[in-house]
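Participant: Handing you a structure now.
The values are calculated or read from the model by the stated rules, or taken from the named source; none is laboratory data. In this text, all values refer to a predicted model and were calculated from it rather than measured experimentally. A quick note on method: Cβ atoms are made from the backbone with ideal geometry, for glycine too, and the neighbour counts reach across all protein chains shown. SASA here: full protein model, heavy atoms, side chains in, ligands and nucleic acids out. Shrake-Rupley method; radii C 1.70, N 1.55, O 1.52, S 1.80 Å.
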Amino acid sequence: MTLKAVLFDFNGVIINDEPLHAKLVEQILLEENLILKPGEFKQYGLGRSDRACFTDLFNLRGRVLTESLLTSLIQRKAEAYFKQLAELEKLPTYPGLEDFIFKVRAANCKLAIVSGALRSEIDWILQRSHLQQCFTVIVAGDDITTSKPDPTGYLLAVDRLNQEFPDLHLQPSECLVIEDTFAGIQAAKNAQMPVVGVANTYPFHMMQRRANWAVDYLSDIEFDRLQDLYANPTAA
């Protein structure tokens with residue numbers, strides 16, 4: 001077996017913006033006369049799409065959430081997100097990201113993003129970070145109706161990579177996923193993909209319990225060693 005593709009989560013792996021997302025969800029709920037309780041964003045927001053997050057939070061409160069209102073909430077949050085990030089001189093991408101991407105590309109592995117974030121947010125951040133040319137395939141929250149831990153996004157990324165590269169013949173087991181949340185790790189496992197848990201959002205020991213491998217930082221990933229493990233799984 002060969003490692004052919006690395007699939008990245010976005011929020012909490014490429015850009016350190018999850019505290020901002022939590023703040024904006026809280027703000028949107030306040031505008032709807034609702035209070036975000038402690039721990040709720042971690043449970044219903046981390047690693048999940050805005051659609052899933054708002055739907056669950058409204059359902060918990062017995063509030064009717066029509067499709068038009070849901071669309072409005074997502075748009076309002078996106079507008080506030082762009083406004084706040086645009087004020088930053090430098091986007092908060094994670095240290096070691098560019099070096100790790102360089103290693104993956106040097107090994108002729110394909111790169112993709114699988115995220116619950118809006119495509120417009122992903123594209124804007126990749127463009128500002130000069131990373132847009134690195135990712136051949138992007139599966140965003142707009143592309144699917146489900147949310148992690150459902151594996152649909154990861155499986156769709158495999159399909160799209162095979163469409164883009166017909167000679168690749170990519171299988172889920174030939175992918176490596178980089179995740180930072182419990183929902184994301186479970187989505188990768190549900191897709192039958194090995195996953196590295198990066199301790200950007202939760203402590204290392206929590207990543208270690210759930211992921212195939214755990215690291216404190218992207219720079220700690222020994223990519224050469226992972227390639228060897230894919231080629232010789234009995235050596236793991």
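Participant: With angles folded into 0 to 90 degrees, how steeply does helix 18-31 sit against the dominant principal axis of the chain? Use alpha carbons for both and round to 10.
Facilitator: Compared with the principal axis, the helix lies near 20 degrees.
Participant: Between 0 and 90 degrees, rounded to the nearest ten: what's the tilt of helix 97-106 against the longest Cα principal axis of the chain?
Facilitator: Once rounded, one gets 40 degrees.
Participant: Moving on. Would you mind getting the accessible area per residue of the stretch 14-60, heavy atoms of the protein chains only, 1.4 Å probe, in Å²?
Facilitator: 47
Participant: Given axes a ≥ b ≥ c from the Cα gyration tensor, I'd like to know whether the stretch 116-183 is rounded (a/c under 1.5), prolate (a/b larger than b/c) or oblate.
Facilitator: oblate
Participant: Highest first, please rank the peptides 56-62, 89-95 by the mean number of other Cβ atoms sitting within 10 Å of their residues. Write out the running numbers ahead of the final one.
Facilitator: On the way: 56-62: 15.0, 89-95: 12.1.
So the peptides 56-62, 89-95, ranked by packing, come out 56-62, 89-95.
Participant: So, one more: How many nm is it between the label spots at His130 and Gln171, if each spot is 7 Å from the Cα in line with the beta carbon?
Facilitator: Each label point lies 7 Å from its Cα, and together they span 3.9 nm.
Participant: Another question about this same structure. Please say if the stretch 2-97 is rounded, prolate or oblate, where rounded means a/c under 1.5 for a ≥ b ≥ c the square roots of the C-alpha gyration tensor eigenvalues, and otherwise the choice is prolate for a/b larger than b/c and oblate otherwise? Display every interim value, and only then the final one.
Facilitator: Numbers: a/c = 2.13, a/b = 1.56, b/c = 1.37.
Since a/c reaches 1.5 and a/b is larger than b/c, the shape of the stretch 2-97 is classed as prolate.
Participant: Keeping to pairs on different chains or 8 or more places apart, tell me how many lysine pairs in the stretch 1-120 have Cα atoms under 29 Å apart.
Facilitator: Taking the Cα cut-off of 29 Å, the pair count is 15.
Participant: Within the stretch 158-236, report the chymotrypsin sites (Phe, Trp or Tyr not before Pro) that DSSP leaves as loop and that have at most 15 other Cβ atoms within 10 Å. Could you put the intermediate results ahead of the total?
Facilitator: Values: sites: Phe182, Phe204, Trp213, Tyr217, Phe223, Tyr230; in loops: Tyr217.
Taking the stretch 158-236 and a limit of 15 other Cβ atoms within 10 Å, the loop chymotrypsin sites (Phe, Trp or Tyr not before Pro) found are Tyr217.
Participant: How much area per residue is accessible in the stretch 92-132 when the probe is 1.4 Å and only protein heavy atoms are counted (Å²)?
Facilitator: Details: 1950 Å² over 41 residues.
About 47 Å² of surface per residue is accessible.
Participant: To the nearest 10 degrees, how steeply does helix 50-60 sit against the main Cα axis of the chain, on a 0 to 90 scale?
Facilitator: Between helix and principal axis, roughly 50 degrees.
Participant: Identify the residues of the stretch 127-150 with backbone N under 14 Å of a label point that sits 7 angstrom from the Cα of Ala80 along the Cα-to-Cβ direction, or state none.
Facilitator: Taking a point 7 Å out along Cα→Cβ of Ala80, no residue of the stretch 127-150 has its backbone N under 14 Å.
Participant: When the accessible area of the stretch 12-130 is computed with all protein chains present and a 1.4 Å probe, what percentage of it is carbon and sulfur? List each step's numbers first, then the result.
Facilitator: Details: 3110 of 6030 Å².
So the carbon and sulfur contribution to the accessible surface is 52 percent.
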